[in-house]
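Notes for the one structure printed next.
The values are calculated or read from the model by the stated rules, or taken from the named source; none is laboratory data. Everything numeric in this text was worked out from a predicted model, so none of it was measured. Glycine also receives a Cβ, built like all others from the backbone with ideal geometry; neighbour counts cover every protein chain displayed.
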Amino acid sequence: MQLSFKLNGSATQWEDVYPGENLLEVLRRHDCWEVKGNNCTNGECGACTILLDGIPVPSCTVFAARVEGRNVDTIRLLGDPDHLHPLQQAFLRHGAVQCGYCIPGMLLSAHALLVRNPHPNRDEIQQSLSGHLCRCTGYLQQIEAIEEMARLPEGAE
Amino acid sequence: MVSRTVVGQSVDKLDGPALVTGQAVYTDDFSLPGMLFGKILWSSRAHARIRAIDTFAAERLPGIRLILHHGNVPRVAYTTAGQGFPEPSPYDSFIFDRKVRFVGDRVAAVFADNLIAAQEAVDLIRVEYEDLPAIFQPEEATQPNAPIIHDEEEIRGAFDPGHNLVSHLDLKIGDVEQSLAQATYQAEGTWITQFAQHVPMETHIVITYLDEWSRLVVRSSTQVPFHARRIISRLLDLPIQKVRVIKPRVGGGFGGKQEILLEDLCALATLRTRRPARIELSRKEEFVSARLMHPMKIQVRLGADSGGQLQAMEMRVLANTGAYGTHGSTVFFNTGSKTLPLYNKASHVRFVGDVVYTNLPVPGAYRGYGATEGYFALECAMDQLAAKMGMDPLLLRRKNHIREGETSPIFIKLGEGREGVDQTVQSCGLDRCIELGMKAFKWDEKRKNPRRIGSDRARGVGMSILMQGSSIPRVDMAAANLRMAEDGSFHLFLGATDIGTGSDTILAQIAAETIGLPTQRFTVHSSDTDFSPFDKGAYASSTTYLSGQAVYKAALAVRKQILGVAGLWFHVEPSTLEICQGVVFNRQGARLTLEEIGYRSYYLADQQQIEASASALSQASPPPFSAHFAEVEIDLETGIVRPLDYVVAVDCGVAINPELARGQVLGSLINGIGFALSEELLFSSRGVALNPNFLDYKILTSLDLPRIEIIPVETNEPTGPYGAKSIGEICINGPLPTLANAIFDATGIQMKEAPFTAERVWRALKRNE
Amino acid sequence: MQPNITDYLQPKSLPEAIALMATYSGRAALVGGGLDLSWRPRQEIQILIGLDRIPLSYIEWRPEGLVIGAGTTLRELADSNGGSYLNGLFGRILDRIATPLLRGMITVGGALARAYPWSDLLPIFLGCQAHITLFDGQDHTIPLESFYQGSFRQLLKRSIIRELCLPTHHQSIAAYQRFGRLQIDIPLLNQFSRLTLVEEQIEKASLWLGARPGFPVRLSEVEAVLLGKPLNQVTIGAAVSVLSPSLVGADFRLSKEYRHNLATVFLRRNLTEIWSQHATII
Ligand SMILES: Cc1cc2nc3c(=O)[nH]c(=O)nc-3n(C[C@H](O)[C@H](O)[C@H](O)COP(=O)(O)OP(=O)(O)OC[C@H]3O[C@@H](n4cnc5c(N)ncnc54)[C@H](O)[C@@H]3O)c2cc1C
Ligand code: FES
Ligand code: FES
């Protein structure tokens, strides 16, 4: 099966996609190692989160065929190691990253929140992270990092 | 005191930029041509002999390359525990055995061209079992006619396998019975902890392959690369020289990866097929067939005089180590050795207990390492005692806790499955932890508040105090190698194993401080057994304290070499020179950059490699200390417990990196609150796990947090690098007793079985009506 | 990867989808959010029929009430003005279902068709006397309650859910309680109560108990006690006292006894909540 979609803004066409595959499997098979996960495969840990037309969803629960013609964004959307996005810098500053396994997913949820609502309150921030399990940090660090972003003037993200 | 520029700063994690951008840094972010995918067939029986394994149909599926089972692998007794040699855990495991001992035990492994074929083949393997009677209750394990779980001839190191005993100890100091009888006040109870899992977000995964010299390369998500290398070598009869273990970034360990669980199978597959091989555990497999926390029943008896001075303490432990004894005796010893010295005023102490086999999944090392269970019992018993005396529980602790300059007889009597090492506490900020914690928490004020809120709610406050250790004295060794490049940057080679804790960064900070330049100039390599010097790995709260000492020594030596080169250049005594921000200054203020020194020593004059290796052997295990405070609200009609406020004050010596130290506190705290409220692996009457998934094994999310305040209390540990002690484990021990004590304060009920689920609390409330 | 699946078809209209269901009868499954098949793969399924290309994602306020297309995700629903249904209670309930990530996946049609006994939505939809529109070549609109009373799984083999209509109930006040082990959890017991009060008398009552752990049941005996009475402490006490323990059961998560306690507490709290809301309206 062929799959055409936009991956991080670039038109992408993959020929060897199986109809029974989920998006996580297809992405990792094509070396998109930035999408972590594949261990709960049930939408419950959030590690494999991507943005589908801007909405954060667990890629392990999305049949790959469903993204035909749509926009898929991974953490590459934000920045690269030499040009970190301010949200990524805020995560680092607040100690929000320990093992880092949950982080790409969390960043995408946080980013999606801030795009929709540049000044979320604490409740909204906690809600937006609640689909992501993190065993290292205690969540407070990410919450504080996003709060810092929420205090920035409009458009600064 | 010299002012510090790097130590004590919250330097960003060196691996941070890679992690926040999702670089391919974990074991699985990697693929090799021709890689085989492995799947394991797990036992469906709790206790059975394998009469026959029929792989005929499985082998005939297309793409199946290898099927391993007890009939075609070496039979070597070993322990999966990644501990120093000789391991204190019993040799009671085999790659595959003729017997299975729990539902989820290994039976066979299939390696195939793809995962689907491997899984199909696993489903086609027919196993003929002869069921044996099984033990699910630890009390039954030592009954006279109990089935023997380990009846293999080769078993070594278990206390009495014929009676399912992995370990037994009866340690007596003074006369507890008599002292208890004479005590004005007594407290007594039995506290029970559950099967809990580490739940690392990255499950166990291993990829193996042969390098161009036909050496075995093992890429593993492990906390113990060097122990893994040694154990694989012994199991597969392969010289250590032929094995290389690489630890990429690890997606969380918490003790669960201090185990050799998959390396042997992948290695066998690669050696036999000469193809790369990979096994990754699914979430369900991680819950059932990786490792857990030891469920314990702990009876504590305390006796105090009329003034509240503790006279006698007794702790009786029954620990369930499941089907295998990995970490069994050491975790049990720690239950006493990390808790009882906290109250060193009691002159009569008894610590007695058994560690038993059962036909349930296998506990191993878990952050806290036995102290978690011990503190639950001890600190709840302390509150019972305080209640009987009508004394503020905080005051009772103040009267009794250990202080700087003091020791405890337990230190020398109880070590890691054997005798310990004598030590005097040289740094203790516990009184300040209690003082600052109670102020921030508003302890006195909150205790005056009414307990009842409306008709159906109650609030209460509780506290506990804790200590842990830093490394295993006279056992643990760590080494570091530091090498300067010609541009004045450094490569720091570590056997120390960063599993997400940030130890790479912390150790680079220690080196940077010692030499006198910014942390960003360091590239840290951890760990690769081909290139890293030995380090026992990430466990026992030892990395900052012990590996830090090795790095400090290596950095001092490198600094000396740098100053030596600079001294030749300036024609002065090296001791007259200073290094600041990567520049050497002489007394006249002339400057020499490290780059100039690097080029000179590489290419120009008196050529030499500026580099040093150093190792450190732990001599003591200085305890970090902590005081925890919590307020909870209980819905009296449903039993739902909600933590409202949580304050932690913690003394880890000097925090090399305060933000990372805070991260360790928060992470362990949230995990500990999970133990207290919800985490528990449940089993059917046949020993089948009922909830090995996130739907039913509940860990906290961002919506479950109380208000949290963390107060660092600095002390200076003279034996630690720049005054540092450990911080990685201690705080996981706090929430069980702290929240239980808060529930006790609110309702008058002591919750003695964890977790304090709504239904359990509701039942306790009803019983009390 | 589900190796048994050989085709993923994407029809553009309901008739086209129905034709495909007929052609591949027995080995095809519809995909709304697709969560169920990713969770519990089914060996017999070879063909997936995705509903994404069919315009089924819409939320409209019509004279008869709030109409929700079957393809609407819970996230879309919560973000729309649909959340204001039941004076905003509906929106607050949506915010507690699964996780934000899963709410971006779960479709109303999928939730209705799968009908998990522990669903958050079913007691609310049933308690609001929703109507469901099914398409099997033609549209059929029936009360949701009768849909579930019939053999709905058979019906769904040859029809597709088009939409759900939640009627507007003037003067009615609702309350909802769910029990989870932590904030994020499936409900292990839930109770939805909706009363219509006319001149201080309870004129209509619609009370449902779900995640018992069985399929939601209507609390008819409790309703009978309430009807025609004024809403006060005495009535609430009488209502709660007839809640039969036989309505709840045990699983490894909760005992029967505890579930019964929860049901009692939730019912009392919901009725009390409605009482106090009613008081503030007057
Ligand atoms: C981890 C997790 C947690 C959850 N937590 C909650 C919770 O807290 N509360 C709650 O209420 N629910 C919860 N859900 C359940 C969720 O509501 C159901 O899984 C829901 O059925 C999924 O919707 P879907 O759109 O993905 O369905 P799908 O998987 O797409 O479909 C489900 C079934 O419905 C059929 N179907 C789909 N659309 C239609 C249609 N238009 N017409 C006819 N048949 C159709 C499909 O063929 C399939 O058989 C949870 C689910 C998961 C995975
Ligand atoms: S792997 Fe996708 S949510 Fe866990
Ligand atoms: S940082 Fe390790 S799981 Fe979140």
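Summary table below
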| quantity | calculated |
| --- | --- |
| Filter result for A:Leu27 (hydrophobic (A, V, I, L, M, F, W, C) and either more than 14 Å from ligand 1 (Cβ to nearest atom) or in the same structural domain as A:Asn117 (by TED's automatic domain parsing) (or both)) | yes |
| Residues of the range B:516-538 classified as among the hydroxyl-bearing types (Ser, Thr, Tyr) and in contact with a helix residue (DSSP H, G or I) (Cβ under 7 Å, 6 or more places away or on another chain), total | 4 |
| Selected residue [surrounded by fewer than 23 Cβ atoms within 10 Å (Cβ to Cβ) and at pLDDT 95 or above] from B:Ile708, B:Ile732, B:Ile743 | B:Ile708 |
| Among the residues listed as A:Thr74, A:Thr49, A:Thr41, the single one being in contact (Cβ under 8 Å) with a residue 40 or more places away in the chain, within 9 Å of chain B (Cβ to nearest Cβ) and of a type in the set (Ser, Thr, Tyr) | A:Thr74 |
| Members of the range C:1-48 found to be aliphatic (A, V, I, L, M), in a helix (DSSP H, G or I) and at pLDDT 95 or above, listed by number | C:Leu14, C:Ala17, C:Ile18, C:Ala19, C:Leu20, C:Met21, C:Ala22, C:Leu35 |
| Scan of the range C:30-64 for residues that are over 21 Å from the mean Cα position of the chain (by Cα), within 12 Å of chain A (Cβ to nearest Cβ) and under 19 Å from A:Glu68 (Cα atoms), ordered by number | C:Ser38, C:Ile47, C:Leu48, C:Ile49, C:Gly50, C:Asp52, C:Arg53 |
| Qualifying residue in the range C:71-89 (condition: basic (Lys, Arg), in the same structural domain as C:Phe152 (by TED's automatic domain parsing) and near ligand 1 (Cβ under 10 Å from one of its atoms)) | no |
| Sole residue being among the basic types (Lys, Arg), more than 16 Å from ligand 1 (Cβ to nearest atom), closer than 21 Å to B:Ile727 by Cβ and at pLDDT 95 or above, chosen from A:Arg116, A:Arg122, A:Arg135 | A:Arg135 |
| In the range B:477-508, the residues that are assigned to a loop (DSSP other than H, G, I, E, B), surrounded by fewer than 24 Cβ atoms within 10 Å (Cβ to Cβ) and on the phi < 0 side of the Ramachandran plot | B:Ala485, B:Glu486, B:Asp487, B:Ser489 |
| Count - residues of the range A:123-141 that are within 14 Å of the chain's Cα centre (by Cα), outside any loop (DSSP other than H, G, I, E, B) and more than 7 Å from chain B (Cβ to nearest Cβ) | 1 |
| Members of the range A:50-97 that are over 19 Å from C:Gly33 (Cβ atoms) and within 16 Å of ligand 3 (Cβ to nearest atom) | A:Ile75, A:Leu87, A:Gln88, A:Ala90, A:Phe91, A:Leu92, A:Arg93, A:His94, A:Gly95, A:Ala96, A:Val97 |
| Subset of the range A:1-59 [more than 16 Å from ligand 2 (Cβ to nearest atom) and aromatic (Phe, Trp, Tyr)] | A:Phe5, A:Trp14, A:Tyr18 |
| Strands (runs of 3 or more DSSP E) wholly inside the range C:65-178 that include at least 3 residues being without any contact (Cβ under 8 Å) to a residue 40 or more places away in the chain, away from ligand 2 (no atom under 16 Å from the Cβ) and more than 14 Å from chain A (Cβ to nearest Cβ) | C:131-135, C:139-143 |
